[in-house]
């Protein structure tokens, strides 16, 4: 489903409550909601504060982080489902959890949708629509029944493996062309000669899965781009491979300190670069599979009901 179609389905009168102890993440989620048509957004920095809001104001849907101080997202979910006045409010849980039993606990507690960090506005919109159009499973699905599903994974109807995206950043057109040609048959490739433009793409609603980043560029150099990426929730986990002619140990150390996953020197060895990219794309695939697993577990739970 396209973002434009999703926009048409989200009523501007719907009141959202975003719960997260990390202020930048609250702001990013609120901004993403605005891009999909939301107009009424409230925030809380933990589950206890969220409950206070819920008891005093109208809320139509809750989007909550899992791990928070004072009161976790799971504790908030259970409190909402136990309150007869709040129990039917759609609830989306945001998490990086990988333990199956914890996801089962959230499903059994009545979560409507699960969202794996990091995520795009498109992914958020899909879960919002799903949550608004499905009933919670609270009280209808005991955990032993969930455990009996084993490792079966369901995939959403019509979903297929999308081509993963590489962003190539280099101020030299010949280098851009060389690297783009290496990967164009296997991945979706985007290119830019500007560090500022690269940062804008990485923090947009359609961020890349991997960034191949030159260091020596006019204006915002590669180190500046990496630093800014790591300071923003949308881009902080995107893998960065520096591709540069700077070969000194100090530059390598600085690159890794800024969160780079690899460092490739110019002139490029095409075979080596392709292998390294494939290795880190496996990590991207695991993240996407985790979201698919969460969705599949929810769908199987609904089928059982």
Residue list for region 278-288, restricted to those being closer than 17 Å to residue 168 by Cβ and surrounded by 15 or more Cβ atoms within 10 Å (Cβ to Cβ): 280, 281, 284
Restricting region 186-200 to residues that are outside any strand (DSSP E or B) and in contact with a strand residue (DSSP E or B) (Cβ under 6 Å, 6 or more places away or on another chain), the residue that is surrounded by the fewest Cβ atoms within 10 Å (Cβ to Cβ): 187
Would you call residue 296 outside the structural domain of residue 118 (by TED's automatic domain parsing), modelled with pLDDT under 80 and within 20 Å of the chain's Cα centre (by Cα)? no
Just name the residue that is nearest to the chain's Cα centre (by Cα) out of those in region 54-74 that are buried (at least 18 other Cβ atoms within 10 Å of the Cβ) and assigned to a helix (DSSP H, G or I). 73
Please verify whether residue 281 is assigned by TED's automatic domain parsing to the domain that holds residue 228, at pLDDT 80 or above and assigned to a helix (DSSP H, G or I), treating the condition exactly as stated. yes
Restricting attention to region 257-277, which residues are closer than 30 Å to residue 21 by Cα and surrounded by 15 or more Cβ atoms within 10 Å (Cβ to Cβ)? 258, 259, 260, 261
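The values are calculated or read from the model by the stated rules, or taken from the named source; none is laboratory data. Please read these numbers as outputs of a predicted model, since none were measured by experiment. Glycine also receives a Cβ, built like all others from the backbone with ideal geometry; neighbour counts cover every protein chain displayed.
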